[in-house]
1. Quick one: which residue in Arg330, Arg279, Arg345 is open to solvent by 80 Å² or more (accessible area, probe 1.4 Å) and modelled with pLDDT under 85?
2. Out of all the residues in segment 498-524, which are touching a Pro at 6+ places or on another chain (Cβ under 7 Å) and not charged (D, E, K, R)?
3. Going through Leu440, Leu450, Leu445, Leu396 one at a time, which residue ends up being open to solvent by 20 Å² or more (accessible area, probe 1.4 Å), modelled with pLDDT of 90 or more and among the aliphatic types (A, V, I, L, M)?
4. Restricting attention to segment 204-237, which residues are charged (D, E, K, R), open to solvent by 60 Å² or more (accessible area, probe 1.4 Å) and either at pLDDT 75 or above or in contact with a strand residue (DSSP E or B) (Cβ under 8 Å, 6 or more places away or on another chain) (or both)?
5. Looking only at residues that are over 21 Å from the mean Cα position of the chain (by Cα) and open to solvent by 80 Å² or more (accessible area, probe 1.4 Å) in segment 51-81, which one is nearest to Phe130 (Cα to Cα)?
6. Being among the charged types (D, E, K, R), open to solvent by 60 Å² or more (accessible area, probe 1.4 Å), within 30 Å of Ala416 (Cα to Cα) and not in a helix (DSSP H, G or I) narrows it down to one of Asp335, Asp354, so name that one.
7. Of all residues in segment 35-45 being touching a residue at least 40 places away in the same chain (Cβ under 8 Å) and open to solvent by 50 Å² or more (accessible area, probe 1.4 Å), which is farthest from Arg195 (Cα to Cα)?
8. Can we say Arg564 is in contact with a strand residue (DSSP E or B) (Cβ under 8 Å, 6 or more places away or on another chain), open to solvent by 30 Å² or more (accessible area, probe 1.4 Å), modelled with pLDDT under 95 and within 24 Å of Asp577 (Cβ to Cβ)?
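The values are calculated or read from the model by the stated rules, or taken from the named source; none is laboratory data. Everything numeric here is computed off the predicted structure, so don't read it as measured data. Positions of Cβ are backbone-derived with ideal geometry, glycine not excepted, and every protein chain shown enters the neighbour counts. Heads up: the accessible areas ignore ligands, DNA and RNA and are worked out on the full protein's heavy atoms, side chains in. Shrake-Rupley method; radii C 1.70, N 1.55, O 1.52, S 1.80 Å.
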Amino acid sequence: MANPTVRSVNRDRRSGQTTTQPLPLVTRRFAAWTVEVSLIVISGLVPFGIGMYANKAEPTGEQVDLNPVVVVTEEAIARTLAQPVSDSNRKVEPFANLSWSIALLAPILLSAWQLYLLAKTGSTLPKRWFGVRVVTATGTVPGISRVLLREGVGTWGLPLSVAYLLWRYGSAFPNVGVLAGLSCLMVLGEGMTARFNRQRRCLHDRLAGTYVVDANRTFTPFPAHLNAVDVQLNRQDTPYGWSKANATTAMIPSGRYASTTIAMQPEFKWQRGWWKWMRQHPSLTLLLVSLASLAAVLGTLVGTQVYIQTQKNQREFEQLKSEQFLALLRQLSADSPATVEERQRAILAMGTLDDPQALQFLVDLLSQEATSGLNGTIQQALVSAGTNAFPYLQRLNQLLSNQLESRRYTGTAEEAVRQQQLQATQQAIARILMVYSGKLHTVDLSRTNLGQTFSNSAEFRLVLDNINLSGIQLKAANLNQASFQGSRWRGQGEDGHWNTFDDWIADLSDAQMKAANFTGANLSHVLMDRANLIHATLNRANLSRTSLTSANLSSTQMVGADLRDAVLANASLTGADLAEANLSRANLSAARLGRVSALGTKLQLANLTASDWQGADLSGADLSRANLSNADLSVTRLTNADFRNAQMQNANLRSADLRQADLRGAHLTGANFQGAIFVSSKPAQPDQFIATPPEESRSALVEGVDFSQAKNLDVKQMAYICTQGGRHPRCP
């Protein structure tokens, strides 16, 4: 049974009759392809959008870890498209997790199903709807291998690869919009290659040996004895390597195309053609084989000699370094008659050897040498060695820190010696960090002690002001009382562009940074989860998109800091100063902000669900469109605060000062207003019969606000709401 044909309708002006004509095959092919792609895109976008909405909506329960498969896929896409990747350890709503998993799986299953149908029947559902079929030269269905070659390589693989290379190494990198435009142009351009082929075959059809035909017309291959290729080319000879016996054609036996013959070109017999050529030219074949063999032998000999010489040079160089190391070691031995100046020169020379043994010896010498002059020389030698000295210094630093923390030498002279040795390692590390600023993205100093912990170690204080520390790893490091004013903790990476996957981003997770000074520092996108920043100074610091989940920022100074899109979920900011800070779109869910000073702070669109603000001062703060569901704002100063269109369901506003606050458009379902202050009214005069209205300049703006489902409104509050245009069932 033939498939229904998509037809265009024409009306005969003279007879008034309606006739139908089939749409051109090219039009139907493009329509079917568009529907196929649209179905795949929609199958991914719809569940993805549902998941985004579910994750941003009011939390309904306990959050879960993101699906690991989604995390890996997200990282792969981010790496390919040079985009920053989200935190892989983030928590999401269970329904959002399910939706995103479906968004990943649905396009894959739908694509596989369409490819299977195309391989086994020659048509997908959209192709059937538009009367289009894919066949081979003999009229059979293409099969799995041809379909994978046709779609995976021809239709998508080659065009998208060319588009990606042009984008990746062009001036538009890393603009993803340009990549999308180039991809569309390349895919459409590949489809337009049919215009330059007599049989209207695209590049992917010629690559896979397939033909697109009208499914509503009978397909009849030509008999093998009819030379269709010669008919098409109007000549008696055929190209070398073509088999005339296998030439077939497709015919449309009836209709307006009855006389049209479409020549089906057989596949090129590469192996047979080469073998025939070799038999016809035996002398030339023998010469080529001999030359190739000779080249292979010469290449092998030359490569072997180069390898042997390289290994010999390497051994000689290592032996020379070993001899130099032994000579310097004898000069620095305890029984050596060398003077102090000679020992200093030997130490500096050892720092230039680039030898692991030399670095280990210098670090050991640093822990044993008591002469302050030689300590400085040893540190200078380690600085010459560069970041290669960090692993040895880090091990000694951690050993000494553990010994002092265990209080093994409390109150003894040995403790003072260990503290001096620890300070020497700290000073050496600090000097290397200063000298190699901007080249530290591969350095890992996790769990290193670079701060002040012990009472007698106040002589050392880490100062790295205006230093480029991009990409450094300082997880669980001790940076107490360190100074990083104006320092940079994020770099552009190898590609030289911001906001790409390879950006050098420092990791300060679990670090101890009590009383550290980050004034004016660039900490954008830096990982600072669970960091201890008690009494730290972050005034005017750039913390946009910084991850501070469960961090301790109690009593921290953050005046004028940029915290846009920062993640502060479950963080503690008790007593912090957030005056004039920008926390737009920041995530402060379940954060503890008791007694915070947030004068004029910007909190537009911030996620403040279940946050605790008891006793805080939010005077003049901008909370428009913020999510304050289940937030605790009891005993809070909110004068002149902007709550327009904020989500305040079940918020606790008990005894809050709402004078001059703008509540227009706020959602107050379940909000508790017990004892809340809306207006500063003058005390009524005993002999005054009619009460004067409250002062307009000191009253909250509640016009049009729905208080019908708010809780614990007293008589005075109700009177004010009704007289100022608020809505409530008890208003007259």
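1. Numbers: Arg330 fails: modelled with pLDDT under 85; Arg345 fails: modelled with pLDDT under 85.
Sole residue among the options that is open to solvent by 80 Å² or more (accessible area, probe 1.4 Å) and modelled with pLDDT under 85: Arg279.
2. Asn499, Thr500, Phe501
3. Answer to the check: Leu396.
4. Arg206, Arg217
5. Thr60
6. The conditions single out Asp335.
7. The residue in question is Leu45.
8. So Arg564 does not fit the description; no.
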